[in-house]
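Derivation of every value follows stated rules applied to the coordinates shown; laboratory data play no part. Predicted, not measured: the structure shown is a model, and the values here were computed from it. Using ideal geometry, Cβ is built from the backbone for each residue, glycine included, and neighbour counts are taken over all protein chains shown.
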DNA sequence: GTCTATATGGGGATAGAC
DNA sequence: GTCTATCCCCATATAGAC
C-alpha cells in the first residue's frame, strides 16, 4: 500500500526535523516539503501534529530497541555491551555537538510545553535505563545495578549537553575515556579467567 | 525613572517565563500579562523578542556573578565553595525537576533554533566553568583544574536532565552525595592541619 | 509612557475537486 | 491518495491617540 510508505516517509522526516529544529519549531510545511508532498495531503496521514509526534516517539523506540537487541546478539559480554552504549557519544558526535541528545532535548522541550506526550518521550530514557540495569545485573552488580545504570545515563546526558554547548571534541573524548575507566572499576569480576 | 523600573519588571518576568515555558513558547502577551502592561506598551521598552532575550541573558549573567562573588566572600575554602555549586541541585530541586536547568535548557533550545544569541547563552556556562576552574586551581589541582571543572559541570547537567525526566528526588540526593565524595577524592590537601 | 486598534505573517487545520 | 484553496487563530510588530 502506498499510504504506508508515505506515512513512513513522513515519520522519518519528522524525526529528523524534530531533532534538528525542535518539535515546536518544525512546521508541517517543513515536513511536507522534506517529503515532497503538499500540506493538504499531509492531513490524510496525520490529523494533528501531536499524532505525528506520537508516531515519531514510537519510531524512535522501535529503532532503539532494535539497536539494543543487536548489541545483545553481537556481544555476550555485558561490560562490552555497556561500552557500546558509552560509545554512542563518539559515534554520533557530530550530530550531538550540533543538536544535543535526541532523547534528552525532546524530553526537555516537552516538559516546558507541559505536553501530554512527555511520559511517552520519557519512555525512551526508561528503555535505556532498564537495558543498562540488566547489563549491570549480568555483570554481577546486584542491588547496585539500577543506580549504576542511572549514573551512566546521567553522565551520557551531561556530556551531550556540554558537547552541544562548547563543541569541544576533546572534552567528549576525555569523558568517554573516564566512563570506560569508571566501568572497569564497577563490579570487578569475582573469578578472572 | 519609571521606564527603568518597567523594563526591569519585564526582564524578570521574561526570565521566569523563558525558563518555565521556553523562549519560543513564551509569548509577548504572556510577558505583558505577567507585568500587567499592554502589549503595545511592551514595544516602547523592547523593539524585538531577541532584544528581550539578550536582556534576560545579561540579567542571568549578573545574577550568577553576584551569587559566585557572594560564595567567595562567605567561604574561603575552595572545596566548600565547590560544594555550594553542587548544592544548587538540592536548593533548586523543585524547579529543576519541573523545568530542568535554566542554563542548559536555554542553550539547547537556542542551538536548535540556530539562534544568533546562542554564544551569549553559552557564556553562562563559561562563567561557571571558569569559576569552578579557579576553585580547583586554588585547591591545588594545577593542570587538571579545567578538566575537573568541566567534569563537575557535566555531572550537574546530567543530573538536572534526568531529574527533569524522572522526577526522582532520591536519584538527585544520591548523585549529589556521589559528587561530594568525588570532590573529596580530587587534589587531596598536601598538608592536613 | 501607556494605551487601543490594526497590520502582517505563519502555523495548524478543513473542504472539496480530481 | 493527492492536490489547491481557504479558514482561523495567534504571534510579532506598528501606528497613532491620549
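So what is the relative contact order for the range A:1-47, in percent, with contacts set as C-alpha pairs under 8 Å and at least six apart?
35 percent
What is the order of A:2, A:112, A:118, fewest Cβ neighbours within 10 Å to most?
A:2, A:118, A:112
Expressed as a fraction of 2.2 N^0.38 Å, the rule-of-thumb size for a compact globular protein of N residues, what is the C-alpha radius of gyration of the protein assembly as shown?
Working: Rg = 22.4 Å, N = 386, 2.2 N^0.38 = 21.2 Å.
Scaled against compact globular proteins, the figure is 1.06.
What nm value, rounded to one decimal, do you get for the distance between residue A:93 and residue A:6 when each label is placed 7 Å out toward the C-beta?
4.2 nm
Which distances, in nm and shortest first, link the residue A:6 label point to the same label point in every other copy, taking 7 Å along Cα→Cβ?
Shortest to longest, the spacings are 5.2 nm.
Quick check on the range A:81-140: take the gyration tensor over C-alpha atoms, sort the square-rooted eigenvalues as a ≥ b ≥ c, and tell me if it's rounded (a/c under 1.5), prolate or oblate.
Working: a/c = 4.48, a/b = 1.33, b/c = 3.36.
Judged from the Cα gyration tensor, the range A:81-140 comes out oblate (a/c at least 1.5, b/c at or above a/b).
Mean separation of Cα pairs under 8 Å and 6+ residues apart, divided by the residue count of chain B: what relative contact order is that in percent?
Numbers: 154 pairs, mean separation 42.0, N = 193.
Over chain B, the number comes to 22 percent.
Shielding of A:126-132 by partners, i.e. mean partner chain Cβ atoms within 10 Å per residue?
The shielding value for this peptide is 1.
Tell me, A:76, B:50 in order of fewest to most beta-carbon neighbours within 10 Å? Provide the component values of the computation, followed by the final result.
Values: A:76 9, B:50 13.
Arranged by neighbour count, lowest to highest, A:76, B:50 become A:76, B:50.
Return the average number of partner chain Cβ atoms within 10 angstrom of each residue Cβ along peptide A:18-24.
If you average over the peptide's residues, the count of other-chain Cβ atoms is 3.
Using a 10 Å cut-off around each Cβ, can you sort B:159, A:11 from fewest to most neighbouring Cβ atoms?
Starting with the residue having the fewest Cβ neighbours, the order is A:11, B:159.
Which of the three applies to the range A:1-47, rounded, prolate or oblate, going by the alpha-carbon gyration tensor with a ≥ b ≥ c and a/c under 1.5 meaning rounded? Mind dumping the intermediate values first?
Details: a/c = 2.14, a/b = 1.59, b/c = 1.35.
Verdict is prolate for the range A:1-47.
What whole-number distance in Å separates the alpha-carbon centres of the range A:1-28 and the range B:82-122?
Between the Cα centres of the range A:1-28 and the range B:82-122 lies a distance of 28 Å.
For chains A and B related by rotation, which residue of A has the Cβ nearest the axis, and what is the rounded distance in Å?
Nearest Cβ to the rotation axis, residue and whole-Å distance: A:158, 1.
Give the span of the range A:61-186's Cα atoms along each principal axis, as three whole-Å numbers ordered largest to smallest.
Cα spread of the range A:61-186 along its principal axes, largest to smallest: 40, 35, 26 Å.
Label-to-label distances across copies for residue A:59, with labels 7 Å out along Cα→Cβ, in nm, shortest first?
Nearest to farthest, the other copies are at 3.9 nm.
So the label point sits 7 Å from Cα along the Cα-to-Cβ vector; using that for residue A:90, what distances do you get to the other copies, in nanometres, sorted shortest first?
Sorted ascending, the copy-to-copy spacings read 3.7 nm.
Return the average number of partner chain Cβ atoms within 10 angstrom of each residue Cβ along peptide B:96-106.
If you average over the peptide's residues, the count of other-chain Cβ atoms is 3.
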